[in-house]
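J.: Before I ask anything, let me first share the structure, which is written out below as structure tokens.
The values are calculated or read from the model by the stated rules, or taken from the named source; none is laboratory data. Bear in mind the structure is a predicted one, so any value in this text is a computation, not a measurement. When we count neighbours, we look across all protein chains shown, and the Cβ atoms used for this are built from the backbone with ideal geometry, even at glycine.
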Amino acid sequence: MNSIHLKIKNHKCNQCNYQACRKDTLKRHINNEHLGLKKYKHVEPGIKNYKCSECDYQTSRKDVIKDHINSVHFRRKNYKCTQCDYETTLQGSLKRHINSIHLKIKNHKCNYCDYETSRRSQLRGHVNNVHHERESYKCVYCDFQTRQQRTLEFHVNNVHLGKKKHECKECDYQTNRKTRLKDHMNSVHLGRKNYKCTDCDYETTLQTSLKRHMNSIHLKIKITNVINVIIKQAKRYSETPYK
């Protein structure tokens, strides 16, 4: 009674200067601010109140729009693993990374065999591909067939119909892959060079360009050095007189 009505704040946070009158209020503060376990107010399904200021993306959750802006537009990776160099824009991704990579936790187990995985989607794919005889989706234009309808739709649109659903808002560029549109935006319009060589100062906007650079420059140099060493050893061996 005294703590609530007299506003006596007996409960203090051990992480910051925050104080509260009630223990549950302090607990909620710690969960929200320090542990990242935020509980969001109920939002009616289908009502997308939060809109991105940079694009047309909309969502019904405030935390999702925040993660969208950080990951897509700002490319901020605020969640970093304390055991390796892994970093991500999503707290859930970091948790899955720690559980699967470092803790080796595999909560999703197959009911038909000993297969285990840390991801529900991987278990679903395993069951569908290994244990269940699923309908095969066949292309009407060629002999292509797949077990996933989405894969068939992508094949038809990409190979036969030439449809490209991802369009650049800055120019006429179109593509079937979201990742290619993202690389296009970074390289052509934003000039971002996110792929950097670990052996020299070379950096590029495309992962394929970095791979070509590594193969043509550094791999070639390493192979040449190995060959030179072999030649020198062979020459030294041939010049050594027999006893």
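J.: Which of the following residues is modelled with pLDDT of 80 or more, in contact with a Ser or Thr (Cβ under 9 Å, 6 or more places away or on another chain) and charged (D, E, K, R): Glu203, Glu167?
T.: Of the residues listed, the single one that is modelled with pLDDT of 80 or more, in contact with a Ser or Thr (Cβ under 9 Å, 6 or more places away or on another chain) and charged (D, E, K, R) is Glu167.
J.: In addition: Take the residues of the range 58-81 that are assigned to a helix (DSSP H, G or I) and over 22 Å from Arg192 (Cβ atoms): which is farthest from the chain's Cα centre (by Cα)?
T.: Lys62
J.: Let me ask something additional. Suppose the filter is without any contact (Cβ under 8 Å) to a residue 12 or more places away in the chain, over 25 Å from Lys182 (Cα atoms) and in a helix (DSSP H, G or I); does Lys104 pass it? Break it down into steps so the answer makes sense when it comes.
T.: On the way: without any contact (Cβ under 8 Å) to a residue 12 or more places away in the chain: yes; over 25 Å from Lys182 (Cα atoms): yes; in a helix (DSSP H, G or I): no.
Criteria not met by Lys104.
J.: Return the residues of the range 107-128 that are assigned to a loop (DSSP other than H, G, I, E, B) and over 21 Å from the mean Cα position of the chain (by Cα); say none if nothing qualifies. Steps first, please.
T.: Of the range 107-128, the ones assigned to a loop (DSSP other than H, G, I, E, B) are 107, 110-115, 118-119.
Answer for the range 107-128, where residues must be assigned to a loop (DSSP other than H, G, I, E, B) and over 21 Å from the mean Cα position of the chain (by Cα): Cys110, Asn111, Tyr112, Cys113, Asp114, Tyr115.
J.: Out of everything in the range 103-144 that is among the polar types (S, T, N, Q), loosely packed, with under 11 Cβ neighbours inside 10 Å and modelled with pLDDT of 80 or more, what residue ends up being nearest to Cys84 (Cα to Cα)?
T.: Ser121
J.: Which residues, taken from the range 206-221, are at pLDDT below 80 and crowded, with 16+ Cβ neighbours inside 10 Å?
T.: Correct list: Leu206 only.
J.: Looking only at the range 82-93, which residues are farther than 21 Å from Thr179 by Cα and outside any loop (DSSP other than H, G, I, E, B)? If you could, list the steps in order and put the result at the bottom.
T.: From the range 82-93, those farther than 21 Å from Thr179 by Cα are 82-85, 91-92; that's our starting set.
Answer for the range 82-93, where residues must be farther than 21 Å from Thr179 by Cα and outside any loop (DSSP other than H, G, I, E, B): Gln91, Gly92.
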